[in-house]
1. Filter segment 61-78 for residues that are within 8 Å of the ligand (Cβ to nearest atom) and out of contact with any Cys (no Cβ under 8 Å at 6 or more places or on another chain) and give the result.
2. Collect the residues in segment 312-330 that are of a type outside the set (Val, Ile, Thr) and surrounded by 15 or more Cβ atoms within 10 Å (Cβ to Cβ), keeping them in residue-number order.
3. What are the pairs with Cβ atoms under 8 angstrom where one residue, in segment 68-81, is part of a loop (DSSP other than H, G, I, E, B) and modelled with pLDDT of 95 or more and the other, located anywhere, is more than 10 Å from the ligand (Cβ to nearest atom) and of a type in the set (S, T, N, Q)? Sequence gap at least six, or different chains.
4. Within the group 207, 170, which residue is modelled with pLDDT of 95 or more and under 15 Å from residue 54 (Cβ atoms)?
5. Find the residue count for segment 246-291, including only residues that are closer than 17 Å to residue 13 by Cα and open to solvent by less than 50 Å² (accessible area, probe 1.4 Å).
6. Which residues, taken from segment 78-116, are open to solvent by 50 Å² or more (accessible area, probe 1.4 Å) and in contact with a Ser or Thr (Cβ under 8 Å, 6 or more places away or on another chain)?
7. How many residues, within segment 167-191, are within 14 Å of the ligand (Cβ to nearest atom) and in a loop (DSSP other than H, G, I, E, B)?
8. When you scan segment 188-203, do you find a residue that is touching a Ser or Thr at 6+ places or on another chain (Cβ under 8 Å), under 30 Å from residue 360 (Cβ atoms), surrounded by 17 or more Cβ atoms within 10 Å (Cβ to Cβ) and modelled with pLDDT of 95 or more, even just one?
Amino acid sequence: MTRIYNFSSGPAMLPEPVLEQARDEMLSVSGSGMSVMEISHRSKLFGSILAGAEQGLRDVLDIPANYQVLFMQGGATTQFALIPSNFLNSGSVADYVVTGYWGKKAAAEAARRGKVNIVVNTGSNGFRTIPDPAEFTFSPDAAYVHYTSNETIDGVEFKYDLDAGGPPVICDACSNILSKPIDISKYAMIYAGAQKNIGPSGVTVVIIRDDMLERVAAGLPPLFDYRAMAEQHSMVNTPNTWGVYLIGLVCGWIKDQGGLAALKIRNEEKARLLYNAIDSSDGFYTGRAERAARSAMNVTFTLPTADLERKFCEEAERRQMSGLAGHRSVGGIRASIYNAFPLAGVEALVEFMGDFSAANS
Ligand code: PMP
């Protein structure tokens with residue numbers, strides 16, 4: 001069986017040792033004689049698996065004790081609705097920083113539920129930039145400020161922690177969480193669907209500061225209520241047991257790699273190789289994002305024509321590289337190179353890019 005280089009934006013490649021361990025334990029987890037998918041979520045064994053996954057995230061992200069780690073469902077898209085439902089009441093306003101497709105969606109969902117102030121919207125330049133912090137003016141009494149630390153489709157990434165100077169900061173970190181160290185204490189809440197750097201789809205990790213739980217609106221269904229979820233340790237109902245188990249394995253793998261500091265160096269090296277290939281192509285490849293805003297996770301670029309982009313993806317498939325077509329909303333090419341994506345795969349793509357531009361210029 002050949003594994004191929006999968007540049008998909010998510011669900012994305014998982015570390016091979018994690019897949020192998022999951023395979024080996026598929027029929028009997030921890031000697032129980034049962035698959036992790038067959039055991040009760042209320043069993044002692046699953047309790048320890050859940051506690052292990054939480055501790056794994058706490059260890060690798062260095063999460064302070066005054067934060068809760070929740071395993072929720074419904075993806076990051078559900079969080080777009082839950083955040084205003086929990087924190088935006090009728091008298092208040094929420095500030096949204098919109099630097100790409102997902103931030104725009106988050107703001108639109110919040111606007112269906114309450115008053116939203118768009119602090120900045122880089123859509124007029126095609127979501128190619130990350131503004132300077134000096135460009136932001138926040139509402140002094142904002143219920144919260146929301147931003148997207150890495151825009152998966154547009155390929156732009158914040159290189160700094162957004163500081164709203166008072167209001168709580170909530171960050172959609174779907175596509176760059178666990179790619180580098182992050183100072184959790186600067187955030188009121190960070191959330192991410194698992195399917196890029198954390199594990200499989202179907203689990204959403206929410207890291208939330210204790211004082212935010214005091215602000216949760218009354219009367220929400222318990223599954224939509226961060227306080228209820230925290231009080232019941234993500235077990236209001238049956239959690240995604242398989243997903244939580246894999247998150248624990250991924251955290252173990254991250255530790256084996258030397259932690260987030262080591263992954264950051266590796267990720268930067270992979271991104272540097274790809275951006276170099278773009279910049280040294282005499283204009284055959286054009287990076288979408290402004291240089292200073294370039295994402296280390298999602299490398300987006302275009303070719304001279306859409307026909308060439310189609311041909312590029314087809315030929316890449318023949319070389320065992322898949323998932324390179326850009327999101328349907330923007331087209332172009334996108335190479336997603338999360339933690340588990342190997343350096344050798346990036347080197348293979350760089351080599352192919354050279355061959356392809358030479359043959360088609
Ligand atoms: N935010 C970002 C930054 C994303 O990349 C994605 C998914 N790719 C989402 C939100 C939506 O996530 P989900 O599909 O888990 O709802």
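The values are calculated or read from the model by the stated rules, or taken from the named source; none is laboratory data. Please read these numbers as outputs of a predicted model, since none were measured by experiment. Cβ: placed from backbone, ideal geometry, glycine included. Neighbour counts: every protein chain shown. Ligands, DNA and RNA are excluded from the accessible area calculation, which covers all protein heavy atoms including side chains. Shrake-Rupley method; radii C 1.70, N 1.55, O 1.52, S 1.80 Å.
1. Quick first cut of segment 61-78, residues within 8 Å of the ligand (Cβ to nearest atom) only: 74-78.
Correct list: 74, 75, 77, 78.
2. Hits for segment 312-330 are 312, 313, 315, 316, 319, 321, 323, 324, 325, 326, 327.
3. 73/240
4. 207
5. Of the residues in segment 246-291, 13 are closer than 17 Å to residue 13 by Cα and open to solvent by less than 50 Å² (accessible area, probe 1.4 Å).
6. Those that are open to solvent by 50 Å² or more (accessible area, probe 1.4 Å) and in contact with a Ser or Thr (Cβ under 8 Å, 6 or more places away or on another chain): 101, 102, 105, 113, 115.
7. So the answer is 7.
8. no
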